[in-house]
Amino acid sequence: MATKIEVVSTETIKPSSPTPPHLRNFNFCLLDQLAPSFYVPVVLFYLAPDQKAAPDSALVSGNLKTSLAQALSLFYPLGGRVKGNAGIDCNDEGALYMEAKARFELSKVLSNPDIDQLQQFLPFSPSRVSTNIDEQVIVGVQANFFDCGGMGIGICISHKIADGASVSAFLNAWSEIANNGVDGEASLITPFLKASELFQPKDINYQMPSGVISREKLSTKRFCFNGESLACLRAGFGGANPTRVEAVTALIWKSAVAAARKRPEWKDKYPPSSAVIHAVNIRSRIRPQPLPETTLGNLVQAVVAPLMEPNKGDELQDFAGILKNSIRAIDSEYLSALQGENGLAKACENLMTTRKLAASSAIELYRFSSWARFPFYEADFGWGRPAWVCTIAPIKNLVILMGTRCGDGIEAWITLAEHDMIEFEHNDELLQFVSPNPRS
């Protein structure tokens, strides 16, 4: 299917009001300092609000730019520039805004999304990192207008200051402003910007762990679990009663390991061992006072769930049990230690474990991140709720779990080595519960 997206304009959107001098220096929290320097990408697709007449893209784009400027004033660090690994210079240099024409119908994307095509809806590659990070924008937006009158909004926000929850909060604040303005709206989403007071920054310079970027030929595909299939999957665990995310993670993990074990060289070079790194949102776990979900920053911890013994732990319940125990370890005691004087050492425990696992040729490492509960589908820019929301992160052995529009399902975006994906997508146990690349 030939598709063409043509960028027709590029400009910088500055915050609508200047950041006060006393807020000019925004400090990263410790967890931001340990975050990678690439971008968190999201694309939201909207059907035309009136099928009889295509909206005026100039008017729509004008409203998007005006409301983006106001949202940047609210989330003022996002309009600045990163300064090393210390924080952000809130200098109001602004965000990148691009407008593009998609010379085809939105239905072609919704019916058969392709990872290479989806990346065209973003302002730049999420892995974009220049030699001078201080010169890079923190936020990039691309507004894509389809021939049918539909729209796609692609956004990239620097991972140095934003995780999935942060991106969701910004999108919902921006969309609320686009719909209602900023005056007299008591319900306006406001960010919590004091994570550095809880997780105090250190004098560190973190480098991305080896093994994250792969030179192998990769394959990224979408697999959908609807509400009914999730209920059936969870019922199969009996009294273990995993959450939806735990059940889906266990099934994908087991199926991916089964695919990897079919490589011709596996028995000669590798024992059948694997491990999972799972990102855990810690905002609601902070005690005595949980942080709001609108807290800006990387309020996540990556837990390590190893399955190390050859020829053992091959039941689905075993995968889920190991995962559940690892996630439970992110408790109030752990988070108190993370906020204490030895917070850096505590934060680095799992990072060092991850580095060792990634460097080992004897272990297959899988990374999971769940965005299933983030309210991306509430981002209404005046066109109603999104028809579909997706993310694009083609990193080897990475799985991102997204919510669905109806709210009761989970979409799994899975990237594996191409030879592993061929085996994975034909796994009989997996196919009892999912359908690859379903129609939206």
At a 10 angstrom cut-off on C-beta neighbours, averaged per residue, how do the peptides 370-380, 425-435 rank from highest to lowest? 370-380, 425-435
Count charges around Glu246 for me, please; just the other residues with Cβ under 11 Å from its Cβ, Lys/Arg as +1, Asp/Glu as -1. +4
Counting DSSP beta bridges with both partners in the range 218-436, what percentage is antiparallel, nearest 5? 70
Using a simple spin-label model with points 7 Å from Cα along the Cα→Cβ vector, what separation in nm is obtained for Glu216 and His419? 0.8
Row for the range 218-436, column shape: gyration tensor on C-alpha, a ≥ b ≥ c, rounded if a/c < 1.5 i.e. under 1.5, prolate if a/b over b/c, else oblate; value oblate
Ranked by how many other beta carbons lie within 10 Å on average, peptides 37-45, 332-340, 406-414, 386-394 from highest: 37-45, 386-394, 406-414, 332-340
Once you have a ≥ b ≥ c as the square roots of the Cα gyration tensor eigenvalues for the chain, tell me rounded if a/c is under 1.5, and otherwise prolate or oblate according to whether a/b is larger than b/c. oblate
Going by a ≥ b ≥ c, the root eigenvalues of the Cα gyration tensor, does the range 140-203 fall in the rounded group (a/c under 1.5), the prolate group (a/b larger than b/c) or the oblate group? oblate
The chain: relative contact order as a whole-number percent, Cα under 8 Å and 6+ apart: 22
Quick one: length gained pulling Ala362 to Asn241 fully straight, 0.36 nm per residue minus the C-alpha distance? 40.4 nm
Expressed in nm to one decimal, what extension gain is obtained for the pair Thr3 and Met352 from 0.36 nm per residue of sequence separation less their Cα-Cα distance? 121.3 nm
Debye, to nearest 20: dipole size of the chain, +1 on Lys, Arg Cβ, -1 on Asp, Glu Cβ: 540
Antiparallel DSSP bridges in the chain: what percent, to the nearest 5? 75
Placing +1 on each Lys and Arg Cβ and -1 on each Asp and Glu Cβ in the chain, then taking the dipole about the Cα centre, the residue among Leu74, Ala143, Gln289 whose Cα reaches farthest towards the positive end is Gln289
If packing is taken as the average count of other Cβ atoms within 10 Å, what order do 108-119, 3-14 fall into, highest mean first? 108-119, 3-14
Non-local residues with an amide H under 5 Å from the amide H of Val300, with H modelled 1.01 Å from N and Pro and chain starts lacking one, are Ile282
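Readers should treat all values here as calculations from the given coordinates under stated rules, not as data from a laboratory. Not measured: the values here are computed from a predicted model. Backbone-built Cβ (ideal geometry, glycine too); neighbour counts: all protein chains shown.
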